[in-house]
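Structure record follows, encoded as structure tokens.
The values are calculated or read from the model by the stated rules, or taken from the named source; none is laboratory data. The structure presented is a predicted model; accordingly, all values stated were derived computationally and were not measured. Cβ sites come from the backbone with ideal geometry, for glycine too, and all protein chains shown count toward neighbours. Remember, those area values only see protein heavy atoms, side chains included, never the ligands or the DNA or RNA. Shrake-Rupley method; radii C 1.70, N 1.55, O 1.52, S 1.80 Å.
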Amino acid sequence: YTARAAAAQMCAQAAIGGRESRGKIVLVSSIMGQHVLGDAVAYSMAKAAVIHLGGCLASELAEKRVNVNVICPGWMDTEGERQFDTEATIQQLAPHLPWNRLGTPAEVGGLAAFLCSAAADYISGSTFVIDGGYSVDLRPKGIVAHLAVESSLRSEERRVGKECRSWWSPVSEVKTEQ
């Protein structure tokens with residue numbers, strides 16, 4: 001509803017400062033809207049919907065000269081992320097990322113600021129991935145294995161109904177009861 005209200009206001013106003021654009025809408029999704037991971041169905045589906053919403057809005061608002069774009073961050077170093085991963089886990093896995101670190105909120109904000117600037121007046125209907133190269137199949141085996149083990153363990157926990165070992169255990173070390 002926020003995007004709809006913003007779009008209505010932008011369509012009713014004159015172009016910004018002599019430019020063609022009447023306004024900018026930047027939606028934030030996630031790379032998880034473009035990738036499939038076992039136990040993230042609801043989250044991935046919601047993030048994919050945001051990406052699709054961005055494309056639909058861009059199509060509808062193009063003739064009104066309202067720019068709509070989507071940003072898909074990857075693994076970011078945020079307070080929210082640290083609710084799910086410990087410092088030790090981040091220190092262990094970050095070096096396996098293409099840039100050897102997590103992204104920062106400032107980097108996502110910089111992209112959003114660019115998309116809202118005059119330099120981006122002709123950019124609309126685009127989805128921007130900001131993940132340090134993770135999505136271009138530079139994913140190192142360590143991260144993929146971590147995600148696969150985590151998904152496998154969650155499936156096993158549901159099947160057996162008991163807690164399994166820590167999710168970062170290598171697959172070869174995971175033991176389940178028969």
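Here the Karplus relation 6.51 cos²θ - 1.76 cosθ + 1.60, evaluated at θ = phi - 60°, turns the backbone of the stretch 2-13 into coupling constants of 5, 4, 5, 5, 5, 4, 4, 5, 5, 5, 7, 9 Hz, with x for every Gly and Pro. In order along the stretch 97-113, the Karplus-derived 3J(HN,Hα) couplings, from 6.51 cos²θ - 1.76 cosθ + 1.60 at θ = phi - 60°, round to 7, x, 9, 6, 6, 7, x, 10, x, 4, 5, 5, x, x, 5, 4, 4 Hz, and Gly and Pro are given as x. If you take all other residues with their beta carbon under 13 Å from the beta carbon of residue 77, and give Lys and Arg +1 and Asp and Glu -1, the sum is -4. Summarising the amide proton neighbourhood of residue 66: residues at separation of 5 or more, or on other chains, whose placed amide H is nearer than 5 Å comprise 22.
Projected label points at residue 42 and residue 122, each 7 Å from Cα along the beta carbon direction, are separated by 4.4 nanometres.
Length available on full extension from residue 78 to residue 14: 0.36 nm per residue minus the Cα-Cα distance, which gives 19.3 nm.
Between residue 2 and residue 59, the simple spin-label model (points 7 angstrom out along Cα→Cβ) gives 2.4 nm.
Rolling a 1.4 Å probe over the protein heavy atoms of the stretch 99-138, with every protein chain left in place, gives an accessible area that is 65 percent carbon and sulfur.
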